[in-house]
1. Taking VAL160 and the conditions (1) more than 21 Å from HIS132 (Cα to Cα); (2) among the β-branched types (Val, Ile, Thr); (3) at pLDDT below 95, which numbered condition does it fall short on, given that it satisfies the others?
2. Please enumerate the residues belonging to region 125-142 that are aliphatic (A, V, I, L, M) and closer than 16 Å to PHE290 by Cα.
3. Give me the helices (runs of 4 or more DSSP H) completely within region 163-227, filtered to those with at least 2 residues that are more than 22 Å from the chain's Cα centre (by Cα) and surrounded by fewer than 18 Cβ atoms within 10 Å (Cβ to Cβ), ordered by residue number.
4. Which residue is nearest to ARG323 (Cα to Cα), if the candidates are limited to region 256-267 and must be out of contact with any His (no Cβ under 7 Å at 6 or more places or on another chain) and either surrounded by fewer than 23 Cβ atoms within 10 Å (Cβ to Cβ) or not assigned by TED's automatic domain parsing to the domain that holds VAL122 (or both)?
5. With the requirement that a residue be in a loop (DSSP other than H, G, I, E, B) and modelled with pLDDT of 80 or more, what does region 57-106 give you?
6. Would you check which residues across region 254-275 are part of a strand (DSSP E or B) and closer than 19 Å to PRO306 by Cβ and list them?
7. So which residues in region 114-149 are within 20 Å of ASP329 (Cβ to Cβ) and not hydrophobic (A, V, I, L, M, F, W, C), if there are any at all?
8. Tell me which residues, restricted to region 123-139, are small (Gly, Ala, Ser) and touching a helix residue (DSSP H, G or I) at 6+ places or on another chain (Cβ under 9 Å).
Amino acid sequence: MHRYRREVLVAVSGLLLGSGVAVLVGIIWWLEGKPRSRPDEAVFVEPDEVEPPPRYCGWIPDPQAVQECLKGLEVRSIRSVPAWSEEDRSSDEEAVYLWEAVQRVTGQILPGRNQGAVGSCVAVATASALEHLQCVQIAAGEQAVYRDVASEVIYGGSRVQIGGGRIRGDGSVGVWAARWVKDYGVVPRGLHGRYDLRSYDEQRCRDLGRRGVPPELIAIARQHPVLEVMRVQSWAEARVALRRGYPVLVCSDQGFRLERDSEGFCAPRGIWYHAMALIGMRGGRRPGGFLLNSWGDEAHRGPRVPPHAPPAGFWVDAAILDRMLRQGDSWAFAHLVGFSERNGTTPAQADRLRQPQRLFQLWRGETYVRRGRAAGVESWLQVRSYPAGIAGRWRRRASPTNASVESVRRRHCLRCGGRAIATSNQLRPPSGRRARALMPEVPGR
């Protein structure tokens, strides 16, 4: 009887083992025969595929905070900018690399920023975006010098002065950083009294994030505000911003692989509550945007396309970027009051620059925007739409010893990815008596 049971058990075990081998062979055969996705296809991650981020992140998704800040923050949609037209949609195939402006101004691309073991990605990404914006403005002819931006100040100001210190632990909200740089401003890296901001420091970042920005640094920040913040909620709007030289702070929960493919793209994978700076775009067979990460130059591996692209970033497919932007906490920056080697812009001058822009119809019906007055210089920006984008800028100066007005034409041409995005060689500005009759009186004169 026992011998019969033993033979039955041996037979059953053999059947089970054979079935397991057959199932394993079938799975291997199915995987080998399954068609792989093409490189130009966006590969989406299933919601149940959860993978922790490889490094520190720090974006806090808070739709209520976004709505609260929007009530007090003067934010325009990118579609309300005058140059939004069919011309903006006709150049989707052209590439824009904002880091080329950095190369022209500094001679090299900026080193990768590393947030370390602090959840300060929102502040670091905002600082990176504004550093590229500085170079775009300088390459376009602005009289300023480039300075690195202290991300620790943005982190502390966004969390405490704007957010009210409601977050326990690390992290911030994208709209808080956007509101801080617009309502207060940014501080350049350097030694400011007893505050050593010459390089990024994790402990100082945590201290400012817990206590807020001290009055001494607030006074410096108010000299360098960002005059224009625009909400970006789709890939179409991001393309318009980049074509005009405006970097975008992108906040989302989308994660990625760290390995770039042969075209420089990173495939989506996992969940990161993270913020990165969008500083480039490309069209063609595989359109997408270039995201600059805050984990240093060694975080991502694989080929860089093009070869002079920053090593700290990677390309993302357009469909995935569109989904990231639709989460509602991404912002484009324009018109940063820059830095000078001499005395900076005073707080009173910066406050005048914050005043709402006024539109005029001057000289043959062209539309001009009064940008404001700083250091005795009256700035005007022509916003007539051209295929090359915004098409002209003149500055109106008032001599301290002569009441006459001199119209100064500044020729500049900024090219990103082989295409001019700002030029002023189409028209001549008004001058002399006719200019004085057409231009409105400057406040304070």
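1. All conditions pass for VAL160, except number (3).
2. Going through region 125-142, the residues aliphatic (A, V, I, L, M) turn out to be 125, 127, 129-130, 133, 136, 138-140.
Of everything in region 125-142, those that are aliphatic (A, V, I, L, M) and closer than 16 Å to PHE290 by Cα turn out to be ALA125, ALA129, LEU130, LEU133.
3. Working: elements: 174-183, 202-211, 215-221.
Helices (runs of 4 or more DSSP H) meeting the threshold: 202-211, 215-221.
4. Within region 256-267, the match that is nearest to ARG323 (Cα to Cα) is ALA267.
5. Filtering region 57-106 down to residues in a loop (DSSP other than H, G, I, E, B) leaves 57-58, 60-62, 73-75, 81-85, 90-95, 98.
If the condition is that a residue be in a loop (DSSP other than H, G, I, E, B) and modelled with pLDDT of 80 or more, then CYS57, GLY58, ILE60, PRO61, ASP62, GLU94, ALA95, LEU98 are the ones that fit.
6. Selection gives GLU259, ARG260, PHE265, CYS266.
7. Answer for region 114-149, where residues must be within 20 Å of ASP329 (Cβ to Cβ) and not hydrophobic (A, V, I, L, M, F, W, C): GLN115, GLY119, SER120, THR126, SER128, HIS132.
8. Initial filter on region 123-139 (small (Gly, Ala, Ser)): 123, 125, 127-129, 139.
Within region 123-139, ALA123, ALA125, ALA127, SER128, ALA139 qualify.
The values are calculated or read from the model by the stated rules, or taken from the named source; none is laboratory data. Just so it is clear, the model here is predicted, and its values are computed rather than measured. Reconstructed Cβ throughout: ideal geometry from the backbone, glycine too, with neighbour counts over all protein chains shown.
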